[in-house]
1. Specify which residue in the list ASN33, ILE85, GLN97 is farthest towards the positive end of the charge dipole of segment 1-118, using unit charges on the beta carbon of Lys, Arg (+1) and Asp, Glu (-1), about the Cα centre.
2. Among LYS3/LYS222; LYS10/LYS99; LYS128/LYS169; LYS154/LYS222; LYS10/LYS249, which pairs are too far apart, with a Cα-Cα distance over 22 Å?
3. How high is the relative contact order of segment 61-109, in percent, with contacts defined as C-alpha pairs under 8 Å that are six or more residues apart?
4. For LEU108, which sequence-distant residues (separation of 5 or more, or a different chain) have an amide H within less than 5 Å of its own amide H, given hydrogens modelled in the peptide plane?
5. Stokes-Einstein diffusion coefficient for segment 1-106 at 25 °C in a medium of 0.890 mPa s, Rh from the Kirkwood formula over Cα pairs: what value in µm²/s?
6. Need the full-extension length gain, LEU191 to ASN174, defined as separation in residues times 0.36 nm minus the C-alpha distance. One decimal, nm.
7. Counting only helical runs of four or more DSSP H residues, what would the 222 nm mean residue ellipticity of the chain come to if each run contributes -39,500 (n - 2.57) and the total is spread over all its residues?
8. Once you've got the GNM for the chain with C-alpha springs shorter than 10 Å, pick whichever of MET30, MET122, MET53 has the biggest mean-square fluctuation.
Amino acid sequence: MTKIMILPTKKNIQDILAYCDSIVLGLQDMCVNMPDTFTIEDIQKLVPICKKMGKQVFVSLNKNMHTKDLNDLKGFLYVLDTLHIDGIFYYDISIAQYKIEMDLTVPLVWSQEHLTTNYATMNYWHSKGVSYTYVSSEITLNEIENIGIETSMKLIVPIFGYLPMFVSKRNLINNYKKYFDIEDDSKYYTLYKEGRFYPIDNTHLGTVVYSSSILNGLSELKRFEKIDVAYVTLNSYRIPDDKFIEIAKLFYNREYHSESVIEKMFPNTDKGFLYKETVYRVKKNEEK
């Protein structure tokens with residue numbers, strides 16, 4: 001059966017564990033696109049608690065690493081391996097290489113987001129010992145089904161939450177405020193464009209712009225289970241804790257026909273790209 005995987009915050013994690021099979025903890029300074037981050041000490045404390053409750057623990061190290069990060073990265077990988085967690089989400093391929101060099105046993109999740117779109121590359125990484133792929137949120141349900149047929153890689157698919165659209169290592173918000181001499185200490189920002197509001201996350205690691213709509217794939221959960229998707233993810237980023245717990249209950253209890261309950265909570269839900277193909281068109285050169 002497809003497992004429910006939660007991306008929690010420090011605030012909601014204790015309440016959410018009852019309504020999931022696994023969690024993904026973002027390691028502080030080593031991840032992006034996560035609703036919250038946890039120190040390695042936090043993770044060391046949380047893993048035994050989760051294991052006692054029968055919950056799996058994955059850790060996200062999904063940022064693009066710099067040379068200055070590598071010594072700390074190796075130390076974190078060693079600690080995580082000794083904790084016997086269930087997987088590490090990675091973006092930078094240095095982690096796949098360190099798994100070999102350090103003889104680590106922890107499973108890896110290929111998590112390059114916008115690149116995880118085809119079974120050929122998944123099969124390549126699977127041949128290198130990678131166990132899972134975090135499938136791009138920009139491909140259709142039919143494409144995911146086809147990938148499931150053509151690869152032996154276990155799939156993790158986003159099914160609820162705001163979706164990351166754009167990531168920059170540059171701190172665009174701070175640069176903007178500095179250029180225009182704006183004093184503002186807000187934690188959250190929003191971009192308004194063409195009648196839509198896009199959440200923006202601004203940290204010392206850079207800038208992330210999220211979708212204006214919340215992906216709501218509750219009814220698709222049944223279809224994902226039929227094609228043996230290993231996990232579906234629910235992202236709690238900017239979702240009020242009380243509402244997120246109710247949503248997690250719906251998914252965990254397989255209330256497939258209750259999408260209207262979520263739609264009443266939020267006016268901005270949609271199906272993302274599950275039924276919408278991404279088409280790239282090159283404009284033809286026109287003679288003047």
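1. Positive-end residue among those listed: ILE85.
2. LYS10/LYS99; LYS128/LYS169
3. Computed over segment 61-109, the figure is 45 percent.
4. Counting only residues 5 or more places away or on other chains, the set is ILE88, SER131, TYR132.
5. 175
6. Working it through step by step, the gained length comes to 4.7 nm.
7. Roughly -9000 deg cm²/dmol at 222 nm, from the helical runs in the chain.
8. Highest fluctuation of the listed residues: MET53.
The values are calculated or read from the model by the stated rules, or taken from the named source; none is laboratory data. In this text the structure is predicted, and so the values were computed from the model without any measurement. Counting neighbours? That spans all protein chains shown, and the Cβs are built from the backbone with ideal geometry, glycine included. Accessible surface is based on the protein model in full, side chains and every heavy atom, while ligands, DNA and RNA are left aside. Shrake-Rupley method; radii C 1.70, N 1.55, O 1.52, S 1.80 Å.
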